[in-house]
Amino acid sequence: MMGERLGYAPGVFDLFHVGHLNILRRARGHCDRLIAGVCSDDLVVRLKGRPPVVPLSERLQIVQSVRYVDETFVATVDDKIGIWKEVGFDVIFKGDDWLGTEVWTALETEFARVGVKVVYFPYTVHTSSTLLRDALHLLAQRSPSEPASGQLAGPGPSGTGS
């Protein structure tokens, strides 16, 4: 479609949370069509040194189900310019936690040369996949007899709640 503004929002989208939703919602407001770039499991291992908690097939289903996303793209390499050559987006979206980093400052320059705009959105500080992963790790480490946070202990020997 002539004049259509195509947006691209790359991410791992592991342990999908409101921060992911915020980026996709805001991105869709800045383009006519939005493609979410979902990192492959192998790419996540290369970038972060550990696999995602949620496998690619499930992360794709989740992201494809978000109403702001028109299409998904599986990113198998961390070459945003190469992905641009394949996808052909006009604008790329990222959380502002990447603003001013060496990598994204260089990408801004490269994208400017080919007419692609880089748009940063506010990072959702109170939640992230890393925080969720750490919380799950802590829960897994507690002893089986400890109740999970927010749960009441079961009835004691007398059946009165302890």
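The values are calculated or read from the model by the stated rules, or taken from the named source; none is laboratory data. Values in this document were obtained by computation on a predicted structure and should not be read as measured data. Positions of Cβ are backbone-derived with ideal geometry, glycine not excepted, and every protein chain shown enters the neighbour counts. In case anyone asks, the SASA skips ligands and DNA or RNA and just uses the protein heavy atoms, side chains included. Shrake-Rupley method; radii C 1.70, N 1.55, O 1.52, S 1.80 Å.
Data table
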| item | result |
| --- | --- |
| Scope segment 3-46; condition within 18 Å of F93 (Cβ to Cβ) and aliphatic (A, V, I, L, M); matching residues | L6, A9, V12, V18, L21, I23, L24, A27, L34, I35, A36, V38 |
| Qualifying positions in segment 97-136 - modelled with pLDDT of 85 or more, open to solvent by less than 50 Å² (accessible area, probe 1.4 Å) and not in a helix (DSSP H, G or I) | T101, V116, V118, V119, Y120, F121 |
| Residues that are open to solvent by 70 Å² or more (accessible area, probe 1.4 Å) and within 24 Å of V45 (Cβ to Cβ), drawn from segment 63-76 | Q64, T76 |
| Any chance R59 is more than 16 Å from K94 (Cα to Cα) and under 12 Å from the mean Cα position of the chain (by Cα) | yes |
| Breaking point among (1) over 12 Å from P10 (Cα atoms); (2) buried (at least 16 other Cβ atoms within 10 Å of the Cβ), for W84 | (1) |
| G49 being more than 17 Å from L21 (Cα to Cα), touching a residue at least 60 places away in the same chain (Cβ under 8 Å) and open to solvent by 30 Å² or more (accessible area, probe 1.4 Å) | no |
| Which numbered condition G11 misses (of (1) open to solvent by less than 10 Å² (accessible area, probe 1.4 Å); (2) small (G, A, S); (3) within 12 Å of the chain's Cα centre (by Cα)) | (1) |
